[in-house]
Structure formats: C-alpha cells, structure tokens
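Participant: Take a look at the following structure, please.
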C-alpha cells in the first residue's frame, strides 16, 4: 500500500501545483487583455499581440487545469440523483461512469497528441540564425509558435488521466470497504 499511497499523493500534489500555476497564467492573461483594452479604447492604438496572447494564455489554462478541477471533482455532473445517495453508492456510480471517463480521456490524449505533433513537426517558416526551425507559427505579424500551446492539450489530458486513476482507486476502496481511503 506504500507505493499506491505515494503515487496518489504525487498525482494530487502535481495537479494542485499545476492548478495554482494556472492562477498565475490567468492573472497574466487578464493583465494582457486589460492592457489591450486600454490601448484600443483609450489611446486608439490597438496591439497586434494582445488579443492573441490572451487567447493562447487562456488555452493553456483551459488544458492544464483539467486535472486540478478533477482533483476537487469540480467537473459537471447531474447531482439530482447523485447527491442524495450514500458515499458507497456514489462510489459504485463513479465506477460505472469511469468507463466513459477513461474512454474519453484516452481518445482525447491520443487525438491531441497527434494534433500537437503535427504542429511541432511542420515547417512554419521560423528561422534562427538562418536555420529553419520546425514548428507551427501563428499567421499574425509577430508569429508566436503554436506548438507549445498545443502541447498543453495532451499534457493536461495526461494529468486528468492520472487524477482519474487516483479517484478510481479511491472509489474501488470505498465500494469494497465501505469507508474512505486514508
């Protein structure tokens, strides 16, 4: 049981750390879009990079925070039926629906990895010291690379999968033993 407890603790701590890191990303995105709004509407000098930066930052947040949200079981569920049941019955219900969770997460990781990898390996026209650098670039004037943002999709899916495994272990324990895991 020692390894299992260490694994679960490591996954929980990793998702909490990434979730708290995403608070910083969100604050940065809010600062960027606030700057853009001020430049656009007060000074009538919109920036090329403001809106796109904010969009990319929120994309990073959205993808990376999935495991953190699942740690707190904050994803959407139908509580009309679920919340009136005992903890043990909820564990059985979670075990039944976990089939769909793992199917979705597996497909998401697979397809998002292909999406990221195609972005990483395409020649987008980037150059460093005259040498072609692979990777998809934005079509805007300042051309930020897209592949680091697209990497966050399979990374976030992997964190979500790990957190789902932790909840699966806890649900199995609750269903079998009838008490929460310590």
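Every number here is computed from the coordinates shown, using simple stated rules; none is lab data. What you see is a predicted model; the values in this text were computed from it and never measured. As a convention, Cβ positions derive from the backbone with ideal geometry for all residues, glycine included, and neighbour counts pool all protein chains shown.
Participant: By how many nm would the segment from residue 92 to residue 17 lengthen if fully extended, with 0.36 nm per residue of separation less the alpha-carbon distance?
Facilitator: 24.1 nm
Participant: A follow-up question, please. Could you compute how fast the stretch 99-182 diffuses translationally, taking Rh as the Kirkwood radius over C-alpha pairs and applying Stokes-Einstein at 25 °C with viscosity 0.890 mPa s? Give it in µm² per second.
Facilitator: Reported coefficient: 160 µm²/s.
Participant: Sorted by average packing, counted as other Cβ atoms within 10 angstrom per residue and highest first, what order do 73-83, 116-126 take?
Facilitator: Details: 73-83: 9.4, 116-126: 14.9.
Sorting 73-83, 116-126 by mean packing, highest first, produces 116-126, 73-83.
Participant: What does the helix-only formula give at 222 nm for the chain: each DSSP H stretch with n ≥ 4 adding -39500 (n - 2.57), the total divided by the residues, and the result rounded to the nearest 500 deg cm²/dmol?
Facilitator: The per-residue figure over the chain is -25000 deg cm²/dmol.
Participant: When the gyration tensor of the stretch 53-129 is built from Cα positions, what are the square roots of 5 times its three eigenvalues, in whole Å, from largest to smallest?
Facilitator: On the way: eigenvalues 283, 47, 13 Å².
Output for the stretch 53-129: semi-axes of 38, 15, 8 Å.
Participant: For the chain, set up a GNM with springs between Cα atoms under 10 Å and report which of 71, 146, 41 has the largest fluctuation.
Facilitator: 41
Participant: How high is the relative contact order of the chain, in percent, counting Cα pairs under 8 Å that sit 6 or more residues apart?
Facilitator: About 26 percent, as a whole number.
Participant: Next question. Along Cα→Cβ, 7 Å out, is where each label goes; now give me the distance between the ones at residue 138 and residue 102 in nm to one decimal.
Facilitator: So the two model labels end up 4.0 nm from each other.
Participant: Separate question: Take the alpha carbon atoms of the chain, find their radius of gyration, then divide it by 2.2 N^0.38 Å using N residues; give the quotient. Before the final figure, lay out each step's value.
Facilitator: Working: Rg = 20.8 Å, N = 182, 2.2 N^0.38 = 15.9 Å.
Rg over 2.2 N^0.38 Å, computed on Cα atoms: 1.31.
Participant: Give me the angle, in degrees from 0 to 90, between the Cα long axis of helix 87-121 and the longest principal axis of the Cα atoms of the chain, rounded to the nearest 10.
Facilitator: With rounding to tens, the tilt is 30 degrees.
Participant: Still on this model: Just to be sure I follow: if Rg is taken over the C-alpha atoms of the stretch 25-80 and Rh is the Kirkwood radius over the same atoms, what is Rg/Rh?
Facilitator: On the Cα set of the stretch 25-80, Rg over Rh gives 1.21.
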